[in-house]
Amino acid sequence: MGMEEKHSNRNQYNRNLLKMFLLAMMLVMLFNVLVVQRLAEQQVRSVDYGTFLSMLEGSELSAVQLEDNEVFFVDNANQIYRTNAIAQDYQLVERLDKAGVKFNKVYQKQSLLETIFVDWIIPFLPLMLFFYLVNRRASRSKGAGGLGFNSMMFGGGRSGAKEYVVKEGEVIKFSDVAGQDEAKESLAEIVDFLKNPQKYTEIGAKMPKGALLVGPPGTGKTLLAKAVAGEAGVPFFSIAGSEFVEMFVGMGASKVRDLFRQAGEKAPCIVFIDEIDTIGKKRDSGSGMGGNDEREQTLNQLLTEMDGFDATKGVVILAATNRPETLDPALLRPGRFDRRVPVELPDLKGREAILNLHARKIKLSAGIDMNVIARMTSGASGAELANIINEAALGAIRNDRNQVIQADLQEAVDTILAGAQKKNAILSEKEKQIVAYHEVGHALLAALQSHSAPVQKITIIPRTSGALGFTMQVEEGQKNLMSREEMLAKIATFTAGRAAEEVVFGSITNGASNDIEQATKLARAMVTRYGMSKEFDMIALETVNNAYMGGDASLACSETTAAEVDRIVTEIVKEQHQKAIEILKANRRKLDEISMFLYQKETITGEEFMEILTRKESLPEPEKN
Ligand code: ADP
Ligand code: MG
Ligand code: ZN
């Protein structure tokens, strides 16, 4: 793929330093062996025991040192001698005493640790100091702060961004990511840009500088980012947000600077910042006391780099997070991560595709039905599904089989999802049913009231936002004006999820809290801002505080009026809720039919929805009651 050859100057520089370092180490070794030991040997003269005794008796010695197997001694001319110790010489101590020589007994030779320290570390210290200084100067001149030593020794640029070096046959492609068709589609343009940047620059088009992959853990965000690099055939720098937040102040910012410099040298390429929320959290103005300074500095540097970057160069910045709501809004402004790519949990079809993809790596017995497994794993992430396949293979080995059978898979589902069930929103069958009816309730009301926009997609896959299901409506074109009827229809649609639960199950859940909030907000605005109630007519009862900050409004009226507003708002919502119940009752068969279909498929398109809705009835509607 040609991804390995180019090395930045920086890498080259590090590599040279490493070579020098190794060479120096060898020199020290050689010096140690040839010079130090030889010298030591030359200084000590070996003699036999008899000579030792006669020298001792002749009072020629000034000191004696007894060791386990040897005796070292010094004569009056300071010459050192050694001789082999005689274990049976019991009178030696007496003799030494008589001769009046200083002597001591050493039971152990220099310990290994001492040897290492004295012979190896000490000669090495000046060298280490030298290298440290050299490297520090190099770092300074590149405009970054210290701590180069480690990275110099252990490779890599100082940003810690690993260039994801792709070897032949290991390239990750879009085909390695199953499901996630929408995400792939929106990333395909980035791939095209990386492949043919001139096509875009010629026409003057600017590519988005950054795309933010948003979705729950394990849904394949990292995998997708790698696949973009693989498809485009460009280098891939990846770094986790947590790696930026280092122990030394200023390191994070300098890492960011470094990362972008490296990327600039290798363009076209991809920079991938995983877990961007760890550095990209909202900067709260009240934080005051240190602590967050480091993170903020890092974030500021990131923003600066993104702004200063020439997008035409072909560096695309991808980032991933599973907590988009915590991100600093500055990161999401145009020219930064202005493109958002949702990477949601897979639906039934997606799950089956992921299972099959990973199953290619293992041996399956004939007659495996992955669809069954996919059905059992609603709400599971791609990573969990990959785990299930692996666990099934392990199960087969445990049972002395060389093929995975259906039972292994079933068991693996239990093992893997038992833990996940608790921590994630994996829906029970009953819950799935309720959510399906709830969502179809919304969709039916939207479709059956002429003023409402048709639905585009309905899903009962839990979303990143925490919603268990979701009905996406299409707004037709630009809409600046909304009539009173349309608003009422919208309120009815908001209440229809709950209404469906009531109609079908006769009981209600807490799943409608967001619907309730939105219905109330709209009804209130009708009364207080749009002059749509006969009671108050065109009286402004609310002032909008700051139209730019999302239009916070506060009541500007007396308490009695406020109470009256509440009463009217309640009435509006109640009336629409009732209308929703009636419409759903009148269309109970369609409600059942579509809900069952959604329950089975987990995600249905607007067309599928309309197809069932407009299909000629095979059975009459049941009697109304
Ligand atoms: P994320 O970054 O969203 O947390 P990853 O990309 O790290 O998730 O996915 C972890 C692993 O799960 C992947 O390496 C892959 O084996 C598996 N996986 C997740 N999603 C998919 C998918 N859509 N298709 C195939 N494998 C997937
Ligand atoms: Mg990841
Ligand atoms: Zn709802």
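The values are calculated or read from the model by the stated rules, or taken from the named source; none is laboratory data. What you see is a predicted model; the values in this text were computed from it and never measured. Cβ placement follows ideal geometry from the backbone for every residue including glycine, while neighbour counts extend to all protein chains displayed. Keep in mind that these areas ignore ligands, DNA and RNA; they rest on the heavy atoms of the full protein, side chains included. Shrake-Rupley method; radii C 1.70, N 1.55, O 1.52, S 1.80 Å.
Probe of 1.4 angstrom, ligands and nucleic acids ignored: what's the accessible area per residue over region 291-436, in square angstrom? It would help to have the intermediate numbers written out before the result.
On the way: 6820 Å² over 146 residues.
Roughly 47 Å² per residue, with all protein chains present.
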Taking 433-442, 406-415 and ranking on average Cβ neighbours within 10 Å, highest first, one gets 433-442, 406-415
Taking amide H atoms as placed 1.01 Å from N in the peptide plane, list the residues 5 or more away in sequence, or in a different chain, whose amide H sits under 5 Å from that of F236. Y164, I270
Between their Cα atoms, which of K534/K574; K226/K255; K19/K313; K226/K601; K221/K430 are more than 23 Å away from each other? K19/K313; K226/K601; K221/K430
Around L385, with a cut-off of 10 angstrom between Cβ atoms, what is the net charge of the other residues, counting Lys and Arg +1 and Asp and Glu -1? -1
If we sort 331-343, 191-203 on the protection proxy, mean other Cβ atoms within 10 Å, highest first, what's the order? 331-343, 191-203
With a sphere of radius 13 Å drawn around the Cβ of A359, what net charge do the other residues whose Cβ falls strictly inside it have (Lys, Arg +1; Asp, Glu -1)? 0
How large is the accessible surface of L18 in square angstrom, using a 1.4 angstrom probe and rounding to the nearest 10? 60 Å²
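Which of the residue pairs K349/K521; K206/K282; K206/K457; K281/K361 have a Cα-Cα distance greater than 29 Å in the structure shown?
Working: K349/K521 37 Å; K206/K282 27 Å; K206/K457 31 Å; K281/K361 39 Å.
Violating the 29 Å Cα-Cα cut-off are K349/K521; K206/K457; K281/K361.
With all protein chains present, how much of the accessible area of region 429-614 (probe radius 1.4 Å) comes from carbon and sulfur, to the nearest whole percent? Let's see the in-between values first.
Details: 5080 of 9640 Å².
Accessible surface attributable to carbon and sulfur in region 429-614 totals 53 percent.
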Could you please state, rounded to a whole Å, how far the C-alpha centre of region 264-279 is from the C-alpha centre of region 167-211? 15 Å
